[in-house]
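Presented below is the structure to which this report refers.
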Amino acid sequence: MSSYCLPFGARLPWKSIATFLALALCLVAGSASAVTYTILDLATLDEGATVVVRGMNASGTAVGGGRVEGAHRGLLFRRGGVQAVDGLPGSDHTVVFGINDLGVVVGGSNSATSARAFLRTHTGAVRELAPLAGDAASTAFGVNHHNEAAGISSGRIGERAVVWTAAGAVSVLPGVSGAGSRARALNDRGDVVGVADSGAGPRAVVWPRGGPALQIGALPGRATSEAIAVNAGGDIVGYSADAAGARRATLWTSGGAVVDLGALAGGDMSQALAINNAGHIVGTSTSSVGSRACLWTPAGGLQDLNALIAPSSAVLTHATGINQTGAIVAFGHDAVSHTDHDGHDDDHELPLRVFLLLPSGAKP
Amino acid sequence: MMVKEAFAQALSALLVVLVFLSPSPVRGQADQTGQWDTLDTLPFFPIHDHLLPDGKVMIWPSGAGTSGSDARLWDPANQSLTPLAKPAHDIFCSGHAYLADGRLFVAGGHIQNGVGLPRATFYDPFTNAWTGAPDMNAGRWYPTVTTLANGDALVVSGKIDNTVGVNTLPQVYQAETGTWRDLSSAVLGQALYPMMFLAPDGRVVNVGPARTTRYLDTSSTGSWSSLGNSGFGSRTYGSAVMYADGKILLIGGGDPPTNTAEVIDLNQTSPAWRFTAPMSIARRQLNATLLPDGTVLVTGGTSGAGFNNASTPVYPAELWDPATETWKTLASATVPRLYHSAAVLLPDGRVLSTGGDGYLTPEAFSPPYLFKGARPTMTGVPSAIGYGQRFWVQTAQAMSISKVTLIRIASVTHAFDQNQRLNVLAFTPTATALEIVAPANGNSAPPGHYLLFIVDANGVPSIGGIVRVAASAPSQTFTLAVAKTGTDSSKGTVTSSPAGIICGIVCSKSFSGGTVVTLTAKALANRVFAGWGGACSGTATTCTVTMDGNKAVTASFNKR
């Protein structure tokens, strides 16, 4: 299925949409975007750890997790430094997955016996977002402007997509029977996106606020998919994957089109990780020179973000967040001269560097 | 001139003799510090090393795309390298463990740095074929796989990607049904490649690298419980081994690296970590390898701060003796072994040391025990043994054997063997054999293939025999063969109790191991029984033979 809910009830053949979009992308991909970025160094973290980088809110704060002084802690990446944040008291492993424009963050934090979702206010007060009754574990992946959160609850039935109200009341998302669903993000109107087990593998899902789960399919020829982010207008991004697991960045428009976002020249895998309300999408793509952070815009098409910054000693491999001002959080590593031993990734062990990219003209 | 030439020749000959007779300095130290030997350079640096049930070593390298799937077979006997079948996906940065039947179970793999595959697959070393298993719940890059007591495989951790982080859902691959069981009540954030060991009570213990240690009960949908904190702190890229049933050594790691070592005994009512003597050198990215004599060999690593400080490689090996809990510094390697290195105990008692990014030349370490005299020899190692079962091996050095050990065959990546464990087995020597008791259950020794060693009083091990440990196995049987000799050999009979031998009709019979067989010789009229030979002696008409190996007996009958 290549489209799910086209406007005005129309259903266009996939080939027509794909041909149009591919043509559009080809036409624009070769032209340099007028937008360039100022790159600001936010952090350097050990690779080989479970580093997470996501974001970002209106004030340019990105979130994530990583090892700090021997413990795995939640992180806030800001201009001027990285702040380690605690989740639940005594936790040995905390990750912040979501932040809203109010500075409220959510994530997952180990208790003694399981991961538990938490919400931390901008003042630093932390409270647990409890799992469903009878479940043992929970994790929150996203939070919207109303302090509603989305994530998972897990227990004997399995992992289930859930939402928490601003008051912390948890409910399972409707229309998902049994186990195997996960909410990854939600927008301010309460639409939740994620993934559910279709019986034939994971498939991208949207839960329109108050509505049942709606499977939104995958790109043609690709069996599985996952929705990762959603903007205020309901455009969803993520990836579709083939039987070998190779991912392809995918846009599910609010109008119902399923769009192959392509990959950089020489690359065969890509993944869209965030979208803002202008429809600007960031993510990652393989290429002839390795993994590269990408930007997809209606005007500029698919672009390597490394080409949109001043010459740098760093290589940007993933862009994981973009806010409404167009600021982007990305990570990568120091450039190395690849003395390729036998096709290896020489950047495998390099420290992870986290950057903030500000559109030219924006105030640094 | 002739005198000078003759003198020179004599002197030369004398020098040759002296050199020949003098103890080699290297050899002389080797019985104290061991010896490193440089091996043939490989076409790549291996990152995943596995001792297969046939005693050869399977290796594969890193790399995106196909090179991570370029498995080869390395033969310790001649260093030959043979291509093996390739898996259907990139298995670089996967986790792996052997299953009960000898297949290697490989979970996860590499999409790109920090992005894991949800795939799982098996390698069958007996057919050189890969077979896919159902996908896991999500990707896993740097997961740990632990073989459970019933032969299932627990998979934990592994990174999904850098936006979600680690896969927090433990899963059990159920070998009998080929399906996954989610431990959905045990969702937990863990480090990459966590150090997990099957404990004596059947739970799985997570001992590192994070400081918080826990038990995981894998029954039903799983549950974690606290074990307390280890003493040092985060031991990233340290190592751990289960050096005896329920006893774990945790060493090195951290940034900057530590030389500290800790132990815990899970057999205690309230297990607690305690520090033991430290290594002489701080290390991370080190390999720890169980040796046949029960000691723990530490090789490689780096002593400098940072993820993989290549400017401070550690060359000396060190040996930890669990009896004294002390360390001894051994010979130094010549090749750094850092991130992406591996060490594998070979059946011949050497340790193969490979890899580290960019290091294509492997080395072999011969521990001191290989320079301390003749090795005990062992024959008749059964192909399989069942839990609690008695079994026998034959050895001419039975009375000098002081220890029998069982070490799970290695499966190593990123300087860590996810299932490395050793059992010391009870045994009883006879004149020509050892009667050995197999591990009591699967918690003590998860099913699968192991190296069996006998170790003499000097600490010298035999060559390891590969044996499959299983829930049950056929009893060993040994043949008792009777031959009649003498001047009138046809005029006598030999019978057995238990029945089976009626020689001259049936002179050879198999008996279960440990059976005590009484042979009775009876001469016909006007003949006389002259005595026993072989496994029996004397002239009494009865003889008992304990079937701890194949036995041959002669009975001599003469004319009166």
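Table for the structure above
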item: Other protein chain Cβ atoms within 10 Å, averaged over every residue that makes up B:179-185; result: 5
item: Rounded to 10°, Cα long-axis angle of helix B:2-21 versus longest principal axis of chain B; result: 80 degrees
item: Taking the C-alpha atoms of chain B, convex hull volume expressed per residue in Å³; result: 203 Å³
item: Computed over chain B: relative contact order in percent, which uses C-alpha pairs under 8 Å that are six or more apart; result: 12 percent
item: Gyration tensor verdict on region B:40-371 (Cα atoms; rounded if a/c is under 1.5, prolate if a/b is larger than b/c, oblate otherwise); result: rounded
item: Simple spin-label estimate for B:ILE502 and B:SER311 in nanometres, 7 Å along Cα-Cβ; result: 8.7 nm
item: All Cα pairs of region A:170-298, percent lying beyond 25 Å; result: 21 percent
item: Under 18 Å from the B:ASP265 label point (7 Å along Cα→beta-carbon), backbone N, region B:189-212; result: B:199-201
item: Projected area, mean over directions - the protein assembly as shown, Cα convex hull, nm²; result: 50.4 nm²
item: Length added when fully stretched, B:MET399-B:SER280, from 0.36 nm per residue minus Cα-Cα; result: 39.2 nm
item: Residue list for region B:502-532, given a label point 7 angstrom along the Cα-to-Cβ vector of B:ARG560 and an amide N cut-off under 13 Å; result: B:523-529
item: Most to least packed among B:250-256, A:61-67 [average Cβ atoms within 10 Å]; result: A:61-67, B:250-256
item: Sequence of B:THR177, B:THR495, B:THR479 once ranked by neighbouring C-beta atoms within 10 Å, starting from the fewest; result: B:THR177, B:THR479, B:THR495
item: Computed helical MRE - 222 nm, chain B, DSSP H runs ≥ 4 contributing -39500 (n - 2.57), nearest 500; result: -1500 deg cm²/dmol
item: Region B:384-470, relative contact order in percent, only Cα pairs under 8 angstrom and at least six apart counted; result: 39 percent
item: Ranked packing of B:183-189, B:544-550, most packed first, by mean Cβ within 10 Å; result: B:183-189, B:544-550
item: 15 Å beta-carbon shell around B:PRO271, net charge (K/R +1, D/E -1); result: 0
item: Sorted by Cβ neighbour density within 10 Å, fewest at the top, the residues B:TYR98, B:TYR142; result: B:TYR142, B:TYR98
item: A:ALA130 versus B:THR361: modelled label distance in nm, points set 7 Å from Cα along the beta carbon direction; result: 6.5 nm
item: Per-residue mean of C-beta atoms belonging to partner chains within 10 Å, peptide A:130-137; result: 3
item: Shielding of B:111-121 by partner chains, average beta-carbon count, 10 Å; result: 6
item: Net charge of Cβ neighbours under 11 Å - reference B:THR428; Lys, Arg +1; Asp, Glu -1; result: -1
item: Computed FRET value (nearest 0.05) for A:LEU214 with B:LYS86, which takes r as the C-beta separation and R₀ as 45 Å; result: 0.70
item: Theoretical gain in end-to-end length, B:VAL424 to B:THR38 [0.36 nm per residue, Cα-Cα removed]; result: 135.8 nm
item: Cα gyration tensor shape for region B:384-470, rounded if a/c is under 1.5, else prolate or oblate; result: oblate
item: Gyration tensor (alpha-carbon) shape descriptor, region A:56-172, a/c threshold 1.5; result: oblate
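Bear in mind these aren't lab numbers, they're just calculated from the coordinates by the rules spelled out. Model, not experiment: these values are computed from the prediction. In this analysis, Cβ positions are derived from the backbone assuming ideal geometry, glycine residues included, and neighbour counts consider all displayed protein chains.
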